[in-house]
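Just so it is clear, none of the values below were taken in a lab; they were calculated from the coordinates. All values reported here derive from a predicted model rather than from experimental measurement. Note that each Cβ is placed from the backbone with ideal geometry, even for glycine, and that neighbours are counted across all protein chains shown.
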Amino acid sequence: MLHKARICRSLFSRRSWQNIIQELEALVPGEVKFDVAPHCSAIVSLKRSSDWQRALKLAEALSQHTSQLDAVSACVIIDTCSKFRKWRRALQTFEEIHLIGLQVDAPVYTAAIGACARGRQWQGAVTLIRAFQEAGLGGCSDKQLQMVYSAAISACASGGQWTWACSLLNELRQSGLTPDNIMYNATATALERGREWERAVQILEDMSIASTQPDSLTYRAVVQACGRLHLWEHCVSLLDNESLHGLLPDMPTIASTIGACGKVGGWEMAVGWLAYAKHVGLGGTLAINASISACAQAAKWEQSLCLLASACAPSNVSYTAALGACERGSAWLQSLALLSHMGTVSLRPDLADFRCAARSCGHGGAWKESVALLAKAKRHGLPDRVASLWSAVVWVCEASMVKAPPPPGSFSPVAWKELELFDFVCQRAPRGDIDAVMHSVETFAAERRWLKVLGGAKRRLVEGCLHPGDRIVEFGGYVGYSALVMARRLRELGGGGRVVSCEADAARAMVARRLQAWAGTRECEVQVRVGRASDWLATGKLGAIDVLVLDHKASLYHTDLKACEASLPAGARVVADNVLHPGAPLFLSFVEHKDGNFLSTVHECKEFVHDPPLDDWIVVCTPRSGHVQPEETTSWSPPPDVRRWACEVDELCQRSAKAPV
């Protein structure tokens with residue numbers, strides 16, 4: 001009988017690779033001496049035929065024979081493992097061949113760094129390229145050197161590490177080599193993810209100096225970098241420049257431009273760019289979705305629905321954007337019709353879609369239809385675990401002055417800490433003793449579980465801003481502690497006035513109401529309302545506002561303040577918390593605009609009983625000259641650096657909602 005390894009070698013010489021693979025897969029470990037060459041050839045053949053599963057199986061078998069590997073076989077194993085994102089196995093092979101003293105060349109480093117890129121392990125890629133430099137592989141060609149750097153830059157780009165990507169690109173240029181399109185594109189992508197739009201635009205200039213022609217991927221990354229910060233003028237200019245270079249923009253590039261126009265209220269420009277996209281054959285779902293969202297930003301629900309009807313294959317994103325437009329335009333009948341229509345096109349609405357429809361009903365005064373959505377969502381198999389849909393329905397009912405439906409379940413899963421606080425207060429503070437209740441809340445925050453409440457220096461600052469008889473509106477009431485602080489201060493000033501505290505989360509609002517009742521505040525002193533700031537402002541039921549307290553989502557401070565301007569009389573005060581941490585850069589830019597309506601003062605305060613100590617700002621604003629006239633507000637546009645900061649704050653808040661950061 002012929003040796004199985006010989007059979008494989010013989011078959012390979014006649015290029016019968018299917019037979020080789022079958023023979024190799026039939027080999028029993030230990031039965032014959034292992035032969036590396038047939039395995040490598042079989043793996044390469046399988047990869048060429050896209051039979052990745054069998055290629056990976058052979059690669060894993062080959063990796064068990066480290067002592068017999070050479071640079072070529074190591075490269076084959078590492079590359080195959082990295083294709084399956086098995087970057088740990090790929091790097092393990094790299095380390096094993098390093099330990100046995102095998103000479104590792106540039107292709108092996110390239111494969112290992114590529115594995116890091118696919119696994120988003122940019123730190124490993126940086127470590128490997130530094131090891132490559134220290135190894136002093138001077139014998140590698142310029143092409144091999146470029147491939148190593150290209151893999152490392154791509155790895156940094158996948159991890160969003162624009163500083164490392166730029167540093168490696170500069171190192172390559174300083175070595176006398178010219179980066180290719182892949183390296184420039186990867187660097188531009190890293191800059192886009194880091195919102196470094198100026199540096200991304202500079203990439204195009206650097207490519208021009210190096211006589212390297214940018215391609216559509218280059219322009220896509222640069223346009224998206226500008227689009228992230230709503231720099232629509234730059235997006236449009238870049239699209240024109242791309243056309244001058246004889247390139248046709250791709251759909252993501254056009255969609256980013258449409259999105260940037262929509263973010264600044266330019267829905268007509270967005271629709272115009274969609275028409276261009278359709279003219280050049282790029283008017284697909286991505287561009288249409290961006291256009292629907294642009295119209296939604298301007299509450300142009302009729303245009304949004306027309307665009308939705310024109311889509312050949314609308315997606316869930318398409319319907320969600322259209323529902324958002326209907327919500328802003330109070331088109332509740334259209335919202336309900338969209339929800340029903342999604343089923344006819346095999347799309348399943350999610351809770352966000354139901355929330356939009358519920359709020360649309362609220363703005364249209366259709367509270368019964370809003371309540372019915374709770375049962376409909378349940379029939380769709382959408383459990384309201386965090387009570388977000390219920391919170392929207394409760395706002396609708398309260399705005400319509402009808403009794404809200406009971407919660408879908410216990411408060412415990414969504415407000416367990418707040419319920420624990422209330423039990424703690426009831427055990428420590430006598431009923432009706434507002435001072436004891438406030439002290440118990442502070443004790444709980446200091447000794448049990450930290451609460452983000454307006455205590456310590458922040459409390460004293462807010463108390464000092466109040467005048468007798470103030471009509472106070474608070475956005476972001478949380479558990480009602482700050483409402484207690486302000487109600488108590490109004491009592492000290494002689495009574496009169498009232499506090500309206502709006503909390504978007506209905507479960508927390510219910511706890512706040514219990515706390516108010518235990519503290520003994522009367523309804524004429526404190527009203528806790530469920531709902532978002534924008535929803536209550538749209539109802540026009542908040543009345544005149546002497547003191548506006550902003551303590552909700554910081555990225556909305558400036559828009560909600562603009563919506564309140566007509567309700568702020570002469571002598572009004574605006575108190576904004578959390579302006580430094582997590583930050584409210586758009587609000588700060590808005591109130592400090594030289595031609596704006598407000599004079600602002602920044603007060604440095606420590607976050608209450610935070611460990612470690614945390615610095616924060618409270619900004620107090622007053623109208624420049626008496627009653628604010630919204631129509632006199634000059635056009636304000638935040639600088640790109642402010643937009644970048646705002647995006648970082650939003651991402652920080654999103655991460656902190658899932659886990660501590």
Exercise for the section: Quick one: divide the alpha-carbon radius of gyration of the range 347-460 by 2.2 N^0.38 Å and tell me what you get. Expected result: 1.37
Exercise for the section: Report ³J(HN,Hα) in whole Hz for each residue of the range 384-397, in order, from the Karplus equation J = 6.51 cos²θ - 1.76 cosθ + 1.60 where θ = phi - 60°; Gly and Pro get x. Expected result: 8, 5, 9, 6, 6, 5, 4, 4, 5, 5, 4, 4, 4, 5
Practice task
Output the direction-averaged projected area (hull surface divided by four) of the convex hull of the alpha-carbon atoms of the range 413-490, in nm².
Solution key: 5.6 nm²
Handout entry: Unit charges on C-beta of K, R, D, E only; dipole of the range 200-327, Debye
Key = 300 debye
Fill in the blank from the handout: Per DSSP, the loop-located trypsin sites (Lys or Arg not before Pro) within the range 359-423 having at most 12 other beta carbons within 10 Å are ARG385, LYS403
Fill in the blank from the handout: Among trypsin sites (Lys or Arg not before Pro) in the range 547-597, those in a DSSP loop whose Cβ has at most 10 other Cβ atoms within 10 Å are LYS594
Fill in the blank from the handout: Residue-ordered couplings for the range 213-223, obtained by feeding phi - 60° into the Karplus form 6.51 cos²θ - 1.76 cosθ + 1.60 and rounding to whole Hz (Gly and Pro as x), are 7, x, 10, 5, 5, 4, 5, 4, 4, 5, 5
Problem - For the range 399-448 versus the range 261-312, the gap between their alpha-carbon centres in whole angstrom - result: 46 Å
Exercise for the section: List the GluC sites (Glu not before Pro) within the range 515-575 that fall in a DSSP loop (any state other than H, G, I, E or B) and whose Cβ has at most 13 other Cβ atoms within 10 Å. Expected result: GLU523
Exercise for the section: Would you please give the residues with an amide H less than 5 Å from that of HIS603, counting only those at least 5 places away or on a separate chain, with H modeled from the backbone geometry? Expected result: ILE618, VAL619, VAL620
Exercise for the section: Tabulate in residue order the Karplus-calculated ³J(HN,Hα) for the range 531-547, using 6.51 cos²θ - 1.76 cosθ + 1.60 with θ = phi - 60°, rounded to whole Hz; enter x for Gly and Pro. Expected result: x, 6, 4, 4, 5, 5, 5, 5, 6, x, 9, 8, x, 5, 10, 7, 10
Handout entry: Cα centroid separation, the range 477-539 to the range 318-374 (Å)
Key = 30 Å
